[in-house]
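First up is the structure itself, then whatever we jot down about it.
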Amino acid sequence: MDAITNYSGSFYEKRWMALALLCTAQFMVIMDTSIIGVALPAIKADLGYSQSGLQWIFNAYVILFGGLLLLGGRLSDLFGARKIFMWGFGILSAASLLAGAAWTPEVLNAARALQGMGSALIAPAAMTLLMGTFSDPKELGKAFGFWGASAAAGGSAGVFLGGVITEWLDWRWVFLINIPIGLLVLSLCRNYLLPGRKSSGTINWTGALLATSALILLVYAILSAESAGWQSLKTIGLLVLSALLFISFIRLQKTAASPILPLSIFRAPNLSAGNMVTGLLAAAWIPLWFFLNLYLQQILQFNAFNSGLALLPMTMTIMIVMVGLTGKLIGKFGYKKNLLAGLASLSVSLLVFSTVPTEGSFLVNVLPASILGALGMSLAYIPGTMAAISGAKAEETGLASGIANTSYQIGSAIGLAIMVVLAAATTKSGMTAGENELVALNHGFRSAFKAAAAISGLGILVAAIWIKQPKA
């Protein structure tokens, strides 16, 4: 019997409205990672962030998002996907109110962390609801098309809306805009979304705490190295503590009755290599997006609105290619060739950005390289995810998908932390040598782009050696 009619025929009749709600959730989760980019300089000026501290506006979100995704999936299984989906939207809406009212960097960082927590509940629950709502393969394929389009649209809208809101209203509205959308979704959930099945079992809270704490300490240790030095007791102590927590997490997963991350899943072909590539892709792509925002506003002196417009071709390229072309290319050439081509394109883009001058031009120094980078991201992201999950057993596909998403978020956080420290050190060195402040700042950005290109190149190496293309 159809998965929907097991509950009620009315849910089946409302399935496309349910899809609209789920796509709205995907749109918001992705938009929350992109909408703050253009607003960063305004937030810096208003709340007194340091240049290196700005990354916590992004990292506070992705660390909790990535660190709690597997827990969110487990909660969805135990308590029902709709309930967890609604909890997530409730937390996200409340956290957005706090972020919009933030009066210090610490308050905004805490609010962003809570937004990440809410999104970590929304994302896996929404995927479960999507899979349960459409049992017909043709309809499911169409639903996934809208799902993918909503993610791309969230990235595009985030960049553009961030510029419009920051320029014409106030940066606080990049967070407050979530509240009316969240309340509307919450008001419609019970009428249109399936309750979702509940399973028996327990929650491995200790595992979730260990994994998230290890990640937070690792990122904080990297950031501390900027001021304390890599050989300082503080940096070394934080790195050792992070490693011990991660080792404890792995040991716990071997013995726990209900592990968050069953280690047996890593026997699946390509899963480990696919997740390595996914993490490296994020570690290269997110610094490109982060420092390009800063280059446009702090070096080229674009205002927030013009900066959003400048990045729109890049995000529109991602939307068009990822939704309309990537699937066809994968069908023709397989995911490994597309993955290698995408990473190569991203690497070239980053190398071009590593040469941007202080007196740069948008048409010459930004537009071509940004479109090339967007093309690379569009070609690499879906094949990387496919490589990470395609070898998993049918009953482990959801878990494999969650691991791939987690790898991407963790790669984002660690990659950005490393690039921020590198950029800050290069800028400081230039200022010490007597360089003009703007020139030194740009040299810092260029060093980050160059290092991100090296990470993307490492991704090419991992994919070429360890990713195996299935015969069928």
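The values are calculated or read from the model by the stated rules, or taken from the named source; none is laboratory data. Quick caveat, the model's predicted, so the values are computed rather than measured. Here the Cβ is made from the backbone with ideal geometry for all residues, glycine too, and neighbour counts use every protein chain on show.
Being touching a residue at least 12 places away in the same chain (Cβ under 8 Å) and under 12 Å from I382 (Cα atoms) narrows it down to one of I318, I299, so name that one.
Every option except I318 fails the conditions.
May I ask you to list the residues in the range 275-308 that are farther than 19 Å from L351 by Cβ and hydroxyl-bearing (S, T, Y)?
Residues satisfying the conditions are T278, S307.
Among (1) touching a residue at least 60 places away in the same chain (Cβ under 8 Å); (2) under 25 Å from the mean Cα position of the chain (by Cα), which single condition is L188 missing?
Among (1) touching a residue at least 60 places away in the same chain (Cβ under 8 Å); (2) under 25 Å from the mean Cα position of the chain (by Cα), L188 violates only (2).
Any idea which of A448, A400, A404, A413 is touching a Pro at 6+ places or on another chain (Cβ under 9 Å) and closer than 30 Å to L68 by Cα?
The match here is A448.
Within the range 206-238, work out how many residues are of a type in the set (A, V, I, L, M, F, W, C) and in contact (Cβ under 8 Å) with a residue 60 or more places away in the chain.
The first filter runs over the range 206-238 and keeps only residues of a type in the set (A, V, I, L, M, F, W, C), leaving 208-211, 214-219, 221-223, 225, 228, 230, 233, 236, 238.
With the extra rule that they be in contact (Cβ under 8 Å) with a residue 60 or more places away in the chain, the set shrinks to 208, 211, 215-216, 218-219, 222-223, 225.
Residues in the range 206-238 being of a type in the set (A, V, I, L, M, F, W, C) and in contact (Cβ under 8 Å) with a residue 60 or more places away in the chain: 9 in total.
Within the range 330-344, is there a residue that is touching an Asp or Glu at 6+ places or on another chain (Cβ under 8 Å) and more than 23 Å from A453 (Cα to Cα)? Outline the logic, then answer.
Step one: of the range 330-344, the residues touching an Asp or Glu at 6+ places or on another chain (Cβ under 8 Å) are none.
No, the conditions are met nowhere in the range 330-344.
Can you find even one residue in the range 300-310 that is surrounded by 19 or more Cβ atoms within 10 Å (Cβ to Cβ) and either under 25 Å from K468 (Cα atoms) or among the β-branched types (V, I, T) (or both)?
no
Considering only residues that are out of contact with any helix residue (DSSP H, G or I) (no Cβ under 7 Å at 6 or more places or on another chain) and at pLDDT below 85, look in the range 68-106 and name the one that is nearest to C189 (Cα to Cα).
G80
Does the range 234-257 hold any residues that are within 28 Å of D77 (Cβ to Cβ), surrounded by fewer than 22 Cβ atoms within 10 Å (Cβ to Cβ), in contact with a helix residue (DSSP H, G or I) (Cβ under 9 Å, 6 or more places away or on another chain) and of a type outside the set (A, V, I, L, M), and which are they?
Within the range 234-257, F246, S248, Q253, K254 meet the criteria.
Here is a list of conditions, (1) crowded, with 22+ Cβ neighbours inside 10 Å; (2) touching a residue at least 40 places away in the same chain (Cβ under 8 Å); (3) over 14 Å from L325 (Cβ atoms), and A369 meets all of them except one; can you say which number that is?
Only one criterion in (1) crowded, with 22+ Cβ neighbours inside 10 Å; (2) touching a residue at least 40 places away in the same chain (Cβ under 8 Å); (3) over 14 Å from L325 (Cβ atoms) is unmet by A369, namely (2).
For the list (1) at pLDDT 80 or above; (2) in a helix (DSSP H, G or I), I need the number of the one condition that Y49 fails.
Result: Y49 fails condition (2) only.
Pick out the one residue from A463, A454, A392, A387 that is outside any helix (DSSP H, G or I) and not charged (D, E, K, R).
The conditions single out A392.
Could you run through the range 221-233 and say how many residues are surrounded by fewer than 18 Cβ atoms within 10 Å (Cβ to Cβ), at pLDDT below 85 and assigned to a helix (DSSP H, G or I)?
Going through the range 221-233 one residue at a time, the tally reaches 2.
Hey, could you check the range 287-303 for residues that are of a type in the set (F, W, Y) and part of a helix (DSSP H, G or I) and say which is farthest from A452 (Cα to Cα)? Working first, answer last.
Filtering the range 287-303 down to residues of a type in the set (F, W, Y) leaves 289-291, 295, 302.
Within this subset, residues satisfying the condition of being part of a helix (DSSP H, G or I) are 289-291, 295.
Details: W289: 11, F290: 11, F291: 11, Y295: 15 Å.
Filtering first and then ranking leaves Y295.
Tell me the residue from V356, V439 that is part of a loop (DSSP other than H, G, I, E, B), of a type outside the set (S, T, Y) and at pLDDT 90 or above, please.
None of the other options fit; the residue is V356.
Could you grab me the full set of residues in the range 253-286 that are touching a Lys or Arg at 6+ places or on another chain (Cβ under 7 Å) and part of a helix (DSSP H, G or I)?
Passing the criteria: only L263.
So is I260 surrounded by 19 or more Cβ atoms within 10 Å (Cβ to Cβ) and hydrophobic (A, V, I, L, M, F, W, C) or not?
Values: surrounded by 19 or more Cβ atoms within 10 Å (Cβ to Cβ): yes; hydrophobic (A, V, I, L, M, F, W, C): yes.
For I260, the condition - surrounded by 19 or more Cβ atoms within 10 Å (Cβ to Cβ) and hydrophobic (A, V, I, L, M, F, W, C) - is met.
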